[in-house]
Amino acid sequence: MLKLFTFAPGFGEISASPFSVKAICLLEMSGQAYTLNQKGDPRKAPKKKLPVLEHDGKIISDSDDIRDYLEMQFNVDFDAGLNAEQRAVSRSIIRMAEEHIYFAIVSTRWQRDENWAIIREEFFGMIPRLVRKFVTNKIRKGAVTMVYGQGMGRHSEAEQAARVSKDLAAIAALLADKPFLFGDKPTAADASVVAILNNITCFPRPTLLNEAVQKLPTLVAYAERGKQVMYPK
Ligand SMILES: N[C@@H](CCC(=O)N[C@@H](CS)C(=O)NCC(=O)O)C(=O)O
């Protein structure tokens, strides 16, 4: 049996972690039966990150490896029907969403004081109040150091939004008037992009990132469509 470990739901999203949402969508799209454990603990994961998939005693870390595993093990092709050029575009879009836009989400959530207060309550509300500040400040420091090291955290919120806006415009141009990025059916790139978009728009406080998404109504509609089609029913 396939067992997927992810971060918990948050802000009305199936998971407050884009990579967890992506993996859930891939499992759904694979058509395989699986169980979802949303109490995953990254400290116990081999690469100290979630999502993680367990199958037949094997542990598969990283949503990319989960995709590869599902494709190999169950003879699934998430990009069925795509030609070589479309597959190349798909890979680039996935990388843009996951290795660029994602870090603007991390910075928005963890670096900005006004947003961090909301994250602390949503993610760590279960930690006793007496020690919550101490424990969570350490976790926050790790996230801020990571996003500063990656580079996104060195830009102001406005600079980040301006950069991400160009990515969003590229995604909207690729989408055009299609239901999904490459046609009528979602493919692997939709799982990544929809997860990222919905994790931007679910945040309960106005952010420049969310504003950038809202400026593109076709993307807002697409993210909602993705939720209807790819999320568990
Ligand atoms: N490349 C990984 C990235 C996974 C990732 O960054 N997960 C984040 C949550 S969205 C995480 O586990 N963070 C915990 C930490 O860094 O301590 C994948 O595709 O699965």
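The values are calculated or read from the model by the stated rules, or taken from the named source; none is laboratory data. Note that this is a predicted model, so its numbers are computed, not measured. Cβ: placed from backbone, ideal geometry, glycine included. Neighbour counts: every protein chain shown.
Could you say which residue among 207, 145, 187 is within 30 Å of residue 31 (Cα to Cα) and either polar (S, T, N, Q) or at pLDDT below 95 (or both)?
Working: 207 fails: within 30 Å of residue 31 (Cα to Cα); 145 fails: within 30 Å of residue 31 (Cα to Cα).
Testing whether each residue is within 30 Å of residue 31 (Cα to Cα) and either polar (S, T, N, Q) or at pLDDT below 95 (or both) leaves just 187.
The condition of being surrounded by fewer than 19 Cβ atoms within 10 Å (Cβ to Cβ) and in contact with a Lys or Arg (Cβ under 8 Å, 6 or more places away or on another chain) holds for residue 132.
Those helices (runs of 4 or more DSSP H) of the stretch 176-233 in which 2 or more residues are surrounded by fewer than 18 Cβ atoms within 10 Å (Cβ to Cβ) occupy 208-214, 217-230.
Screening the stretch 74-103 for residues that are hydrophobic (A, V, I, L, M, F, W, C) and either touching a Leu at 6+ places or on another chain (Cβ under 6 Å) or surrounded by fewer than 18 Cβ atoms within 10 Å (Cβ to Cβ) (or both) and picking the one that is nearest to residue 199 (Cα to Cα) gives 89. Looking at the stretch 79-110 only, could you name the residues that are of a type in the set (Gly, Ala, Ser), at negative phi and over 13 Å from the mean Cα position of the chain (by Cα)? Correct list: 80, 84, 88, 90, 92, 107. Going through (1) more than 8 Å from the ligand (Cβ to nearest atom); (2) of a type in the set (A, V, I, L, M, F, W, C); (3) part of a loop (DSSP other than H, G, I, E, B) one by one, residue 7 falls short only on (1).
The set of residues in the stretch 12-37 that are within 15 Å of the ligand (Cβ to nearest atom) and surrounded by fewer than 18 Cβ atoms within 10 Å (Cβ to Cβ) contains only 37. Tallying residues that are surrounded by fewer than 20 Cβ atoms within 10 Å (Cβ to Cβ) and of a type outside the set (Gly, Ala, Ser) within the stretch 1-11 yields 4. Hey, could you check the stretch 39-54 for residues that are more than 8 Å from the ligand (Cβ to nearest atom) and touching a Leu at 6+ places or on another chain (Cβ under 6 Å) and say which is farthest from residue 4 (Cα to Cα)? So the residue we want is 40.
Any residue in the stretch 62-83 that is among the hydrophobic types (A, V, I, L, M, F, W, C), within 22 Å of residue 96 (Cα to Cα), more than 8 Å from the ligand (Cβ to nearest atom) and in contact with a Ser or Thr (Cβ under 6 Å, 6 or more places away or on another chain)?
Narrowing the stretch 62-83 to residues among the hydrophobic types (A, V, I, L, M, F, W, C): 66, 70, 72, 74, 76, 78, 80, 82.
Still in the list and also within 22 Å of residue 96 (Cα to Cα): 66, 78, 80, 82.
Next cut, more than 8 Å from the ligand (Cβ to nearest atom) only: 78, 80, 82.
Now drop any that are not in contact with a Ser or Thr (Cβ under 6 Å, 6 or more places away or on another chain), which leaves 78.
Yes, that holds for at least one residue.
Residues being among the hydrophobic types (A, V, I, L, M, F, W, C) and free of Cβ contacts under 8 Å to residues at least 40 places away in the same chain are entirely absent from the stretch 35-58.
Within the stretch 65-72, at least one residue is surrounded by 22 or more Cβ atoms within 10 Å (Cβ to Cβ) and either basic (Lys, Arg) or over 20 Å from residue 27 (Cβ atoms) (or both).
Quick one: would you say residue 150 is within 22 Å of the chain's Cα centre (by Cα) and crowded, with 16+ Cβ neighbours inside 10 Å? Talk me through it step by step, then tell me what you get.
Numbers: within 22 Å of the chain's Cα centre (by Cα): yes; crowded, with 16+ Cβ neighbours inside 10 Å: no.
No, not satisfied.
Just one of the listed residues (172, 117) is surrounded by fewer than 13 Cβ atoms within 10 Å (Cβ to Cβ), among the small types (Gly, Ala, Ser) and either away from the ligand (no atom under 15 Å from the Cβ) or part of a helix (DSSP H, G or I) (or both), namely 117.
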